[in-house]
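As structure tokens, the structure follows; a few thoughts come after it.
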Amino acid sequence: MKGDNLKLFILRSLFIVALTGISVDVYNNSEGGTFISGLSTFKYFSLQSNAMVMLFSAGTLFCKSISQKSWFRYALGPLTAYLLLTGLVYLIVLEPIYDSVGLKRVSSVLLHYVTPSLMFVYWYMAETRRYRYVEIFKWLIYPVIFMVWGLMLAIFRNDYLYPFFDTEQYGANVAIYLMLVAIGFSSMIMLIIFINNTFLTEREARRAG
């Protein structure tokens, strides 16, 4: 029972933190403009992944009929992988070049560090499904679509979502950077699947014993 209460507490915290981080970031992005202009921040992967996690936690908390669907339960693993990579890429690539202060720093910490940490803990406690390594191809569909979309924005609108999309500065080398990002996604997904099939399986075996 204590484990269930802790899991519920983490899930509620995840929903509140994700909602707060997204709201603050939209407010930051609409500074000097309108709420609609603030919504343009959802073009970034970090906002999209946090929004999906917010919807997932809301569905789990408030829509039991939906949360019992197989497609809904399937989403827990991929969302965890996406959010963890969001935090890792920001820490390694973007944190050193972005000097965020004030509310921008608040939203950045919530979206890139707090929600990924809470999501991992919740996933570790709540996941009951066992993954197959072949699932990596399904999990990669969304990141690949995002990278293609980001590349189209760079080519046709000169809108560089992240530095590694900057076709004007890096030219054809952008393909190499995007390949490295794809490898990063694949590695994170493989790590999540490995943990699931090793440590979580062992955990269930200990409980059954």
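No lab work stands behind these numbers, since they all come straight from the coordinates. Quick caveat: nothing in here was measured; it's all calculated off a predicted structure. Here the Cβ positions follow ideal geometry from the backbone for every residue, glycine too, while neighbour counts run over all protein chains shown.
Normalised by the number of residues in the stretch 32-139, the average gap of Cα pairs under 8 Å and 6 or more apart makes the relative contact order 30 percent. Classify the chain: rounded, prolate or oblate, from the alpha-carbon gyration tensor (a ≥ b ≥ c, eigenvalue square roots; a/c under 1.5 rounded; otherwise prolate if a/b is larger than b/c)? Verdict is oblate for the chain. Annotation: the residues Val101, Val93, Val148, sorted from fewest to most other C-beta atoms within 10 Å of their own C-beta, follow the order Val101, Val148, Val93. Taking other Cβ atoms within 10 Å as a rough exposure proxy, Ser37, Ser30 sort from fewest to most as Ser37, Ser30.
Summary of the geometry: the stretch 138-209 and the stretch 48-91, compared by the centres of their Cα atoms, lie 16 Å apart. Checking the cross-link pairs Lys43/Lys138; Lys7/Lys138; Lys104/Lys138 against a 30 Å limit on the alpha carbon distance flags Lys104/Lys138 as lying beyond it. In degrees from 0 to 90, rounded to the nearest 10, what is the angle of the helix 174-195 Cα long axis to the longest principal axis of the chain? Approximately 10 degrees, to the nearest 10. Computed over neighbours whose Cβ is under 14 Å from that of Trp123, the net charge equals +4, Lys and Arg +1, Asp and Glu -1.
With angles folded into 0 to 90 degrees, how steeply does helix 76-89 sit against the dominant principal axis of the chain? Use alpha carbons for both and round to 10. Tilt relative to the chain: about 40 degrees. Per-residue ellipticity at 222 nm, computed for the chain from helices alone with -39500 (n - 2.57) per DSSP H run of at least four residues, works out to -21500 deg cm²/dmol. On a 0 to 90° scale, report how tilted helix 2-29 is relative to the longest principal axis of the chain, with both axes built from alpha carbons and the result rounded to the nearest 10. Here the helix axis deviates by roughly 10 degrees.
Counting other C-beta atoms within 10 Å, and keeping those with at most 14, which DSSP coil chymotrypsin sites (Phe, Trp or Tyr not before Pro) do you find in the stretch 134-209? In loop regions of the stretch 134-209 (DSSP not H, G, I, E or B), there are no sparsely surrounded chymotrypsin sites (Phe, Trp or Tyr not before Pro).
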